[in-house]
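A short worksheet on the structure shown next.
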Amino acid sequence: MLGRELMAAAAHYNMEAVGFDIGEGDITNRKSIQHAIIQAAPRLIIHAAAYTQVDKAEHEPDMAYFINATGTQNVCTAAQQLNVPVVYLSTDYVFDGMKAGPYDEWDVPNPQSVYGKSKFAGEEYVRALCPKHYIVRTSWLCGHGGANFVETILKLAGERGELKVVNDQHGSPTFCQDLAPEIIRLAESGAHGTYHITNQGYTTWFGFAQKIVELSGSKARVVPCSTAEFPRPAARPTNSRLSPRLYENAIGIRMPAWEEGLRSYLDQRP
């Protein structure tokens, strides 16, 4: 989802970009990914590949760490050889969700799931191996070309008259078409560090689902419920709110509201 928007954003800014999918460069194969990156000779690497199946990771921890941690290490060692900066996409799941307000970049991570722990391990490799880096934490990512919450709700709304959605997890829906240009602006700024970048505003999964149903014109009824009513293998942060203040201070740009991002997503939907 994010990769295609990054390629589109690069083209918009007249930047030459090379996109690697798993066939061109497998990050878990050190020789393969290093050869692909070194052959491309980039001045910047955006590392958006990840194992993101949160529940499945609880049953496949070795694979989650192999991709999210060791795979990131492999990308970083290639960046070392070329002496170029790396942008690493991370997640709200590095936090435990217990803070009362939005998380800042200096808050201490305490991931509660295998997915969150493996992504934080990736962050640590980036910090250790690439002094020139940008770690971008985002949340509730949606984009065209991949499975995401918007598509799930639209599908279920077309099949059912009523949807039950959890109303005690809080965060910021973030849309790839809004995030990708900001990643490129940040990477061009030279302001290395860790940043939280999400669409503006906060809601719950229930509130998000309500807005999806409303804007799509569906007649389905959305009913709030608790996380306890829908137990999942992986723990979800109750509070996934991320504060974007450092990014806004560094770049001087505010992301669009998540509702605006959703409208654009639905307008562009095939």
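General observations
- Rg/Rh for region 51-204 (Cα atoms only, Rh after Kirkwood) is 0.98.
- The simple spin-label model puts a point 7 Å past each Cα toward its Cβ; for L215 and N29 those points are separated by 4.0 nm.
- Check: the chain dipole with +1 on Lys, Arg Cβ and -1 on Asp, Glu Cβ, in debye: 80 debye
- Model label zone, R127; criterion: amide N under 19 Å from point 7 Å along Cα-to-beta-carbon; scope region 226-251: 242-247
- Neighbour-count ranking [beta-carbon atoms within 10 angstrom, fewest first] of H192, H47: H192, H47
- Counting neighbouring Cβ atoms within 10 Å and putting the fewest first, the residues V94, V223 line up as V223, V94.
- Shape category assigned to region 43-128 from the gyration tensor of Cα positions, a/c cut at 1.5: oblate
- Within a straight-line Cα-Cα reach of under 17 Å, K99 can be paired with the following aspartates and glutamates, leaving aside sequence neighbours fewer than 8 residues apart in one chain: D107, D168.
- Working note: Karplus 6.51/-1.76/1.60 with θ = phi - 60° gives region 144-154 the couplings 5, x, x, 5, 7, 4, 4, 5, 5, 5, 4 Hz, where Gly and Pro are set to x.
- Helix-only [θ]222 nm of the chain, DSSP H runs n ≥ 4, -39500 (n - 2.57) each, per residue, nearest 500: -12500 deg cm²/dmol
- Inter-centroid distance (Cα atoms) of region 92-149 relative to region 167-181, Å: 13 Å
- Here region 175-217 is scanned for amide nitrogen atoms under 13 Å from the site 7 Å beyond the Cα of N249 along Cα-to-Cβ, giving 194-196.
- Centre-to-centre, using Cα atoms only, region 182-208 and region 218-240 are separated by 24 Å.
- Cα gyration tensor shape of region 213-270, rounded if a/c is under 1.5, else prolate or oblate by comparing a/b with b/c: oblate
- Anisotropy class of the chain from Cα gyration tensor, a/c 1.5 cut: prolate
Each reported figure results from applying straightforward, stated rules to the coordinates on display, with no laboratory input. None of the values given here were measured: they were computed from a predicted structure. Cβ sites come from the backbone with ideal geometry, for glycine too, and all protein chains shown count toward neighbours.
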